[in-house]
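Only one structure is covered here, and it is reproduced in the block below.
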Amino acid sequence: GQKLSCVFWETTGTKGQWNSTGCARVGGNSNFSICRCNHFSTFNILVATHQVQDNFTLKVVTYVGLSVSLVCLFLTIITFLLCRSLWSVSISLHLQLSICLFA
């Protein structure tokens, strides 16, 4: 099932996030919602179709993918630096992009 949440946009400094403090869904059905909030702000209704859980497989894929990407970027940077015979403006730009992605 879907979980509907009445929320407002809360800004703290230069960052923001959705917050449900002071807001509650008091009625409605699958086509509309009635929210009640005790303050004025920018409001929204968030729809969660499933519960987010700590997924081990997702973590493994993330860390393996990140590791492989960093190794490949490092090898790309080394290749660009060692192949001076191919040096051009294009290679220089690709080298700088690879360094930025690696960082």
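The values are calculated or read from the model by the stated rules, or taken from the named source; none is laboratory data. What you are looking at is a predicted structure, and each value in this text was computed from that prediction instead of being measured. Note that each Cβ is placed from the backbone with ideal geometry, even for glycine, and that neighbours are counted across all protein chains shown. We work out accessible area using only protein heavy atoms, side chains counted, and drop any ligands, DNA or RNA first. Shrake-Rupley method; radii C 1.70, N 1.55, O 1.52, S 1.80 Å.
At 1.4 Å probe size, with no ligands or nucleic acids counted, give the accessible surface of Cys37 in Å², nearest ten.
40 Å²
At 1.4 Å probe size, put Val89, Val7 in order of accessible surface, largest to smallest.
So the residues, ranked largest to smallest area, are Val89, Val7.
Roughly how much of Leu66 is accessible, in Å² to the nearest 10, using a 1.4 Å probe?
The accessible area of Leu66 comes to roughly 90 Å².
Using the scaling law 2.2 N^0.38 Å as the reference, what is the normalised Cα Rg of the chain?
Computed over Cα atoms of the chain, the ratio equals 1.86.
Please go through the stretch 16-103 and write out the trypsin sites (Lys or Arg not before Pro) that DSSP classes as loop and that have at most 13 other C-beta atoms within 10 Å.
For trypsin sites (Lys or Arg not before Pro) across the stretch 16-103 that sit outside H, G, I, E and B with at most 13 neighbouring Cβ atoms in 10 Å, the list is empty.
Please tell me the relative contact order of the chain in percent, rounded to the nearest whole number, where contacts are Cα pairs under 8 Å and at least six residues apart.
It rounds to 22 percent for the chain.
Work out Dmax and Rg for the stretch 1-50 from the C-alpha atoms and quote the Rg first, both in angstrom.
Considering the stretch 1-50 through its Cα atoms, Rg and Dmax are 11.6, 36 Å.
Ratio to report: Rg/Rh of the stretch 56-102, with Cα atoms as the point set and Rh obtained by the Kirkwood method; give two decimals.
Checking Rg against Rh, the ratio lands at 1.16.
Give the list, by residue number, of cysteines in the chain with no other Cys Cβ closer than 4.7 Å, or say none.
That list is Cys72, Cys83, Cys100.
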